[in-house]
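Input: a single structure, listed below in structure tokens.
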Amino acid sequence: MKKILVFSCLLCCIAPVHAQTKKAYTAKKVVPATSPVETLKRGKVLYQKFCISCHQVDGGGVPNLNPPIVGTSRIAGKKAPLIKVILNGMQERVEIDGEFYSNNMPPFKTLTDQQVADVLTYIRKSFGNTGTGITKTEVTMVRSGKIK
């Protein structure tokens with residue numbers, strides 16, 4: 001009788017633990033932090049925090065002050081100049097697609113390479129833009145001076 005009681009107790013204790021472990025393992029699917037969906041989510045948050053006040057909700061910018069990020073050659077063009085603008089800011093009057101903009105943009109050197117990649121990928125893939133994403137490695141190369 002003792003053996004049956006001990007065996008019953010073991011079954012009562014082990015079976016639920018096994019079932020919970022199996023359930024926990026199969027219930028949650030892990031999305032990699034580098035997935036395109038996660039990159040765009042993080043990029044949008046960064047855009048809303050750092051960029052929206054100058055470049056606006058729709059990416060249209062402010063005439064003669066802050067350039068638009070919608071459909072401009074600079075956004076769709078080479079990646080290194082965009083990365084440099086985020087890292088170093090811009091203090092001079094600039095011409096973009098025949099329009100001039102003169103508001104200073106502060107440098108965002110405190111952003112990590114991943115954050116710079118995320119926000120620029122978001123910009124290049126949002127607002128009707130169809131540019132390719134920017135990787136953390138590309139930002140690291142520009143920041144270190146290996147890509148000019």
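The values are calculated or read from the model by the stated rules, or taken from the named source; none is laboratory data. Since the structure is predicted, the reported quantities are computational estimates derived from the model, not experimental observations. Neighbour counts run over all protein chains shown; Cβ positions are idealised from the backbone, glycine included. The area values use the complete protein model at the heavy-atom level, side chains included, leaving out ligands, DNA and RNA. Shrake-Rupley method; radii C 1.70, N 1.55, O 1.52, S 1.80 Å.
Might you let me know whether the range 82-94 holds any residue that is closer than 14 Å to Phe50 by Cα, in contact with a strand residue (DSSP E or B) (Cβ under 6 Å, 6 or more places away or on another chain), part of a loop (DSSP other than H, G, I, E, B) and of a type outside the set (A, V, I, L, M)?
Checked the range 82-94: at least one residue is closer than 14 Å to Phe50 by Cα, in contact with a strand residue (DSSP E or B) (Cβ under 6 Å, 6 or more places away or on another chain), part of a loop (DSSP other than H, G, I, E, B) and of a type outside the set (A, V, I, L, M).
I'm checking my understanding of the structure. Among residues of the range 39-76 that are open to solvent by less than 30 Å² (accessible area, probe 1.4 Å) and among the small types (Gly, Ala, Ser), which one is nearest to Ala117 (Cα to Cα)?
Looking at residues that are open to solvent by less than 30 Å² (accessible area, probe 1.4 Å) and among the small types (Gly, Ala, Ser), I get Gly43.
Looking only at the range 86-113, count every residue that is under 21 Å from the mean Cα position of the chain (by Cα) and buried (at least 16 other Cβ atoms within 10 Å of the Cβ) and tell me the total.
Taking the range 86-113 first, the residues under 21 Å from the mean Cα position of the chain (by Cα) are 86-89, 105-113.
Next cut, buried (at least 16 other Cβ atoms within 10 Å of the Cβ) only: 86-87, 105, 108, 111, 113.
Final tally of qualifying residues: 6.
Within the range 36-81, which residues are under 22 Å from Met141 (Cβ atoms) and in a loop (DSSP other than H, G, I, E, B)?
Residues satisfying the conditions are Gly77, Lys78.
Quick one: is Lys148 in contact with a Leu (Cβ under 7 Å, 6 or more places away or on another chain) and open to solvent by 60 Å² or more (accessible area, probe 1.4 Å)?
Numbers: in contact with a Leu (Cβ under 7 Å, 6 or more places away or on another chain): no; open to solvent by 60 Å² or more (accessible area, probe 1.4 Å): yes.
Judged against the criteria, Lys148 is not a match.
Going residue by residue through the range 124-136, is there one that turns out to be assigned to a loop (DSSP other than H, G, I, E, B), over 23 Å from Glu38 (Cα atoms) and open to solvent by 70 Å² or more (accessible area, probe 1.4 Å)? It would help to see each step written out before you state the result.
Of all residues in the range 124-136, those assigned to a loop (DSSP other than H, G, I, E, B) come to 126-135.
Of the ones still in play, those that are also over 23 Å from Glu38 (Cα atoms) are none.
Checking the range 124-136: not a single residue is assigned to a loop (DSSP other than H, G, I, E, B), over 23 Å from Glu38 (Cα atoms) and open to solvent by 70 Å² or more (accessible area, probe 1.4 Å).
Among residues belonging to the range 109-123 that are part of a loop (DSSP other than H, G, I, E, B) and out of contact with any Leu (no Cβ under 7 Å at 6 or more places or on another chain), point out the one that is nearest to Pro68 (Cα to Cα).
Residues of the range 109-123 that are part of a loop (DSSP other than H, G, I, E, B), as a first pass: 109-112.
Keeping just the survivors that are out of contact with any Leu (no Cβ under 7 Å at 6 or more places or on another chain) gives 110-112.
Details: Thr110: 23, Leu111: 22, Thr112: 24 Å.
Ranking the qualifying residues of the range 109-123, first place goes to Leu111.
Name the residue that is farthest from Asp58 (Cα to Cα), counting only residues in the range 75-124 that are among the basic types (Lys, Arg) and touching a helix residue (DSSP H, G or I) at 6+ places or on another chain (Cβ under 9 Å).
We begin by selecting, within the range 75-124, every residue among the basic types (Lys, Arg); these are 78-79, 84, 93, 109, 124.
Subset that is touching a helix residue (DSSP H, G or I) at 6+ places or on another chain (Cβ under 9 Å): 79, 84, 109, 124.
Working: Lys79: 21, Lys84: 23, Lys109: 25, Arg124: 13 Å.
The extreme case among them is Lys109.
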